[in-house]
1. With +1 on each Lys and Arg Cβ and -1 on each Asp and Glu Cβ, how big is the dipole of segment 1-129 about its Cα centre, in debye rounded to the nearest 20?
2. Just tell me which aspartates and glutamates come within less than 19 Å, Cα to Cα, of LYS49; anything on the same chain fewer than 8 places away is out.
3. Just to confirm my numbers, what's the Cα centroid distance between segment 105-131 and segment 1-17 in Å?
4. Evaluate the charge dipole of segment 61-114 about its Cα centre and quote only its size in Debye, nearest 20, assuming +1 on the Cβ of each Lys and Arg and -1 on the Cβ of each Asp and Glu.
5. Calculate, for the chain, the solvent-accessible area per residue in square angstrom, rolling a 1.4 angstrom probe over the heavy atoms of the protein chains.
6. For VAL50 and GLN9 in one chain, what is 0.36 nm times their gap in residues minus the Cα-Cα distance, to one decimal in nm?
7. Tell me, what % of the accessible area of the chain is carbon and sulfur with a 1.4 angstrom probe?
8. Gain in length, ARG66 to LEU23, computed as 0.36 nm per residue apart minus the alpha-carbon separation, to one decimal in nm?
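The values are calculated or read from the model by the stated rules, or taken from the named source; none is laboratory data. Keep in mind the model is a prediction, meaning the values are calculated, not measured. Heads up, the Cβs are rebuilt from the backbone with ideal geometry, glycines too, and the neighbour counts pull from every protein chain shown. Quick note on the areas: whole protein, heavy atoms, side chains included, nothing else; ligands and nucleic acids left out. Shrake-Rupley method; radii C 1.70, N 1.55, O 1.52, S 1.80 Å.
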Amino acid sequence: MERYLTLIQFALAGAIAWLSNRLGILLPLLALLCGFMAVDYITGMLASKVEAIDHPDNPAYGWCSRKGAKGILKKVGYIAVIAVAIALDYLIMVLAGQLGIEATRSAFFGILATVWYILNELLSIIENAGRMGANVPD
């Protein structure tokens, strides 16, 4: 059993090293985004539960699997947009190389899209906290 765990750790470390080599600064940003996506989803569910407690007779409040699925699909859309931005960065680098132009930035649009969605997730977490009754700025 210990041998299998060592193999799994070795494979995981290799995969992370390869991704880090390919993505550079994008890897920690993507990890941060995934973490914030999870926190946003959890706080959204908790906020829905608080609203259901506050409005027990109103079926418009509370957790709904349709809303949850829509939120997950929206996050998948975020990842798709980031993938397109990364592909655009790659395309620009290849074209610049073909034209003999030295491009020093290799992940401009990927970083831009990822940071944008990180900020969006942080805003959503703050909104969810407000729905739960926390004091947040207007």
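1. Values: 9 positive and 9 negative charges, 66 e Å.
Roughly 320 debye, rounded to the nearest 20.
2. LYS49 reaches ASP40, ASP57, GLU127.
3. 31
4. Details: 6 positive and 2 negative charges, 116 e Å.
Taking the Cα centre of segment 61-114 as origin, the dipole is about 560 debye.
5. Numbers: 10130 Å² over 138 residues.
Heavy-atom accessible area per residue stands at 73 Å².
6. Values: separation 41, 0.36 × 41 = 14.76 nm, distance 4.00 nm.
10.8 nm is the gain from fully extending VAL50 to GLN9.
7. Numbers: 7000 of 10130 Å².
Result for the chain: 69 percent of the exposed heavy-atom area is carbon or sulfur.
8. Details: separation 43, 0.36 × 43 = 15.48 nm, distance 3.40 nm.
12.1 nm is the gain from fully extending ARG66 to LEU23.
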